[in-house]
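Taking it in order: structure first as structure tokens, then the write-up.
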Amino acid sequence: MRLLLTIARKDFTLLLRDKAAVLVLIAMPLALVFILGSALGNLESGDFGIKVAIVNEDAGEVGGYIVEGLVQAEQIEDLFDIAVLDDAAEARRDVERGDLVAALVIPGDTSARVGARRPVTLEVLQDPGSPLGSGVWVGVVKAAVSYASSDLVLGQALAAELSGDAVAPGAPPSAPPSTGLPERTGIRVTNAEAETERSVSMISYFSAAMTAMFLLFGSMFGAFAFVKERREQTLARMLASPANRIQIVGGKGLGILFIGIAQFVVLVAGTTVLFRVDWGESMPAILLLGATGALAATGLAMTLAALGKTERAIGGIAPALIMLFAATGGSMIPVDQLPGWLKPLQVISPTYWTLDGFLDVMQGSTFVDIAPKAGAVALIAVLLYAFGMWRLSYE
Amino acid sequence: MMRRVIALAWLNLLQLSRNPSEVVALIALPIALTMVFGASFAGSTRERIWLPVVDEDSSTYSAQVVRLLERERSFDVEVVSRERATAAVADQQTGLAVFIPRGFGEAVESGDAEIRTLSLPTSNDAAAVSAVVQGIAVRMSTGAAVAGVVSRAIPARAFEEAYLSADALWEPRPPIAVEGQTVIASEVRGDGVQASGNTQSSAGFTVFFLMFVTFGGAGAILEEREQGTLRRLLVTPTDKAVLITGKVAGIVMTATAQVLVLTVVGRVAFGVPWGNHFLAEAAILFCYILAITGLAVLVSAVVRSRDQFSGAGPIISTGLAMLGGSYWSLDIVSPFMQAVARATPTGWAMIGLTDVLARNQGLEAVALPSLMLLGFAAVTLGLGVKLLRFE
């Protein structure tokens, strides 16, 4: 045990001497979380300013109501920067070039068709380069127009029922349709967030996700240290000392584990202070997950050192493996949006279990609740470690 | 001189080819991630959203909610038990579940009904499904409002009959409908075919993973410095300029090889329109490769050790990929962050590639992004070469 600790202390001290490397290990992940928070912060504030346009070619009243309803809707004023244009061809060109994310075109015969009780279809031109923003605009226009349809149906149906006659085609609507976003209270839709004590904000989700991912990046340092010592023959020399292979590999692993835990503590503290991320009430549970995540990084370092003969090879393999673990584990896209065929593969991703555990704790789970998930990460760590030990070349 | 430059560049390719695992990682991973992200974000190619629905009422009205949800082509609706639906959301198998509680039908007739949803707060799907459920509620509220007035005014007229009569006015299409149409410069493409939904992820991961290749190449320079082979090369009749040009050319060649594989696979396997505007794509990608090679050389010149470099490389790459729109389309970030994207090489590469691949624009669309990238390359390569130490 003493030998093991000595080797671990040696590796940790070597790293601490390289102040710039320490800075990179600690400060860079924090910088990345900051970038992420800045990039996606608007998802919560709703402040997008997505550039869209409305072209009203309708000579009658209905087109005007639709324009007015959308332009004046307070719910969407931060979301969209709405321009009212006269020329559909110009709007189409702007959408084609990506200068506009989407444009609603209200056809010239809208009022006439509504008056004649014939269905009318409004067209939303969408920029193929902005699928998300244009999709949101289509959704908003659909919602606004469904209220207009509702008013028209209400007027027609009441007129028909109360007069006892079928509605005559060509008769004008009883009242102009409203196109704002009023509540229809007959049937309400109420949403509850998944049965948790607390909800997880987007920035909290990605803070947890990035932390789970960056714990694994620590493995690269461990693998590099191995390769360097192998190249410089110090590993072979250590084997000639009273230390056996398990003590050498264990000691080096312990050094990587220390680095991972230090990274983790800084990330949790940094995100809490900078972004007010609420990591939940069970700090022991968070620490357990952080420790098992760092353990997985240790196992991965062994596997990488076994797979890669040179630093360059590890530099190619490691980010690839880590990104794959991160992508399947939900660090890049929330897990529920991942394709179904991928979900069975998540069980082999330490990032998946670590992130899942973090989210559980953020939502109120306790140490005992997340213990099985931490156990899954520990099991993956052991398997990676065992593979590394099996395949590792010391000379 | 040229022969030496080519020999040095070739050496870089040889070193890479001797590491099959690295080659596989640099090629297979971007392809795998394109599949994952394409399936997650791409509207046209992604799987349908699995939507568990709990119908505890089994009335005419609850059946209508289920039927209207089933009509949405993007949903895969399954009627399940309350326990299964709750567990599915809790386990993140789906972003949202719909619950139609017992007594829903009676509540519709009394004018105070409720459809409940249970959602994951981080799910984008949940927002999309909620909008559809809200639309169904508006439609049904309209029928219920009509039926309520009519059944009170004409007692002989049953609520359900009046409801169904009013609801029929939404068929076959609502009075005012909305259709989205993706606009592309079809006069250039000529086939009017919409760009593949994988376009964003294929372009994004090509841009992202090119950085790993260039950083790997620049890391090799650092490795040679640490091993002393750079110093040894200097005692040969090879001067620094040739050495650096050869190393940079090697990185550019490796990155070009990676681009070729990724774009061919993107086109063949994922239907991404790579190659439709070959010159424009080649121009923007070449300028981008130069820019990130410059960045990698600069970072390798600034850091002192391989440890520092390997720590900084993935984080700089990932950060630039996020800022530049490789992970997600820039249209969902704030105007400020869109401006920040224009200060990054990844941002300009994505702007140019999106114009060419998704919007079907030609050479003129990549002129500005290419120039910006060349400027970036000139600055970073110039600084990097100046600061690079050989010993």
For residue A:68 and residue A:393, extending 7 Å from Cα along the Cα-Cβ vector and measuring point to point gives, in nm, a value of 7.9
Among A:260, A:357, A:280, the residue with the largest mean-square fluctuation in a Gaussian network model of chain A built from Cα contacts under 10 Å is A:280
Ranked output for segments B:160-169, B:139-148 by mean other Cβ atoms within 10 Å, highest leading, reads B:139-148, B:160-169
Kirkwood radius from Cα pairs of the protein assembly as shown plugged into Stokes-Einstein at 37 °C, 0.692 mPa s, gives D in µm²/s equal to 115
Distance in Å, no decimals, from the C-alpha centre of the stretch A:91-126 to the one of the stretch A:355-395 is 53
Once phi for every residue in the stretch B:57-72 is put through the Karplus expression 6.51 cos²θ - 1.76 cosθ + 1.60 (θ = phi - 60°), the whole-Hz ³J(HN,Hα) values, with Gly and Pro written as x, are 9, 6, 9, 4, 6, 5, 5, 5, 4, 4, 4, 5, 5, 5, 6, 6
Expressed as a whole number, the average count of other chain Cβ atoms within 10 Å around the Cβ atoms of B:350-361 is 3
Rounded to the nearest 0.05, FRET efficiency between residue A:75 and residue B:363 (Cβ-Cβ, R0 35 Å) equals 0.25
Diffing the stretch A:338-353: the Karplus 3J(HN,Hα) column from phi (6.51, -1.76, 1.60, θ = phi - 60°), in whole Hz with x for Gly and Pro, holds 6, x, x, 5, 8, 4, x, 7, 5, 4, 8, 9, x, 4, 4, 5
Computed over chain A: longest principal axis from alpha-carbon atoms vs helix A:311-329 long axis, angle to nearest 10 degrees, is 40
Here, residue A:265 and residue B:158, labelled 7 Å along Cα→Cβ, have an inter-label distance in nm of 7.3
Across B:108-120, the residue-averaged tally of Cβ atoms belonging to other chains within 10 Å stands at 4
Residues meeting the amide H criterion for residue B:99 (H placed from the backbone, H to H distance under 5 Å, 5 or more places apart or on another chain) are B:54, B:116, B:117, B:118
Expected unfolding gain across residue A:93-residue A:368 under the 0.36 nm per residue rule, minus the alpha-carbon gap, is 93.1 nm
FRET efficiency (residue A:191, residue B:264; Cβ distance; R0 56 Å; to 0.05) is 0.80
When B:50, A:353, A:390 are arranged by how many other beta-carbons sit within 10 Å of their Cβ, fewest first, they go A:390, B:50, A:353
Too long for a 21 Å Cα-Cα cut-off, among A:228/A:309; A:309/A:373; A:10/A:373, are A:309/A:373; A:10/A:373
So, relative contact order of chain B in percent, Cα under 8 Å, 6 or more apart, is 19
For residue A:53, the residues 5 or more places away or on another chain with a placed amide H closer than 5 Å to its own amide H are A:83, A:102, A:103, A:104
Taking alpha-carbon centroids only, the stretch B:48-101 lies from the stretch A:253-286 a number of Å equal to 38
Restricted to chain B, the DSSP antiparallel beta bridge percent, nearest 5, is 35
Given a Förster distance of 45 Å, the FRET efficiency implied by the Cβ-Cβ spacing of residue B:171 and residue A:382, rounded to the nearest 0.05, works out to 0.15
Candidates A:244, A:191, A:56; GNM for chain A (alpha-carbon contacts under 10 Å) flags as most fluctuating A:191
The relative contact order of chain A, taking Cα pairs under 8 Å that sit 6 or more residues apart, comes to a percentage of 19
Filtered hits (lysines, Cα-Cα < 21 Å from residue B:386, offset >= 8 within chain) -> B:240, B:247
Quick calc: nm separation of the 7 Å Cα→Cβ label points for residue A:121 and residue B:302 -> 5.4
Its Cα gyration tensor gives the stretch B:49-187 an equivalent ellipsoid whose semi-axes in whole Å, largest first, are 29, 23, 11
Fewest to most Cβ atoms within 10 Å: A:84, A:268, B:297 sort as A:84, A:268, B:297
Inter-chain shielding metric for A:135-148, i.e. average beta-carbon neighbours from other chains within 10 angstrom, reads 5
In the protein assembly as shown the DSSP beta bridges are antiparallel at a rate, in percent to nearest 5, of 20
Most fluctuating of B:177, B:341, B:358 in the GNM of chain B (C-alpha, under 10 Å) is B:177
Between residue A:80 and residues 5 or more places away or on another chain, the pairs with built amide H atoms under 5 Å apart involve A:49, A:50
antiparallel share of DSSP beta bridges within chain A, to nearest 5, in %, is 25
Row for the stretch B:323-385, column shape: gyration tensor on C-alpha, a ≥ b ≥ c, rounded if a/c < 1.5 i.e. under 1.5, prolate if a/b over b/c, else oblate; value oblate
Once residue B:181 and residue B:67 are pulled to full extension, the length gained, defined as 0.36 nm per residue separation minus their Cα-Cα distance, is 38.5 nm
Residue span residue B:379 to residue B:236: 0.36 nm per residue of separation minus Cα-Cα distance leaves a gain in nm of 48.6 nm
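No lab work stands behind these numbers, since they all come straight from the coordinates. Keep in mind it's a predicted model, so treat the numbers as computed, not measured. Heads up, the Cβs are rebuilt from the backbone with ideal geometry, glycines too, and the neighbour counts pull from every protein chain shown.
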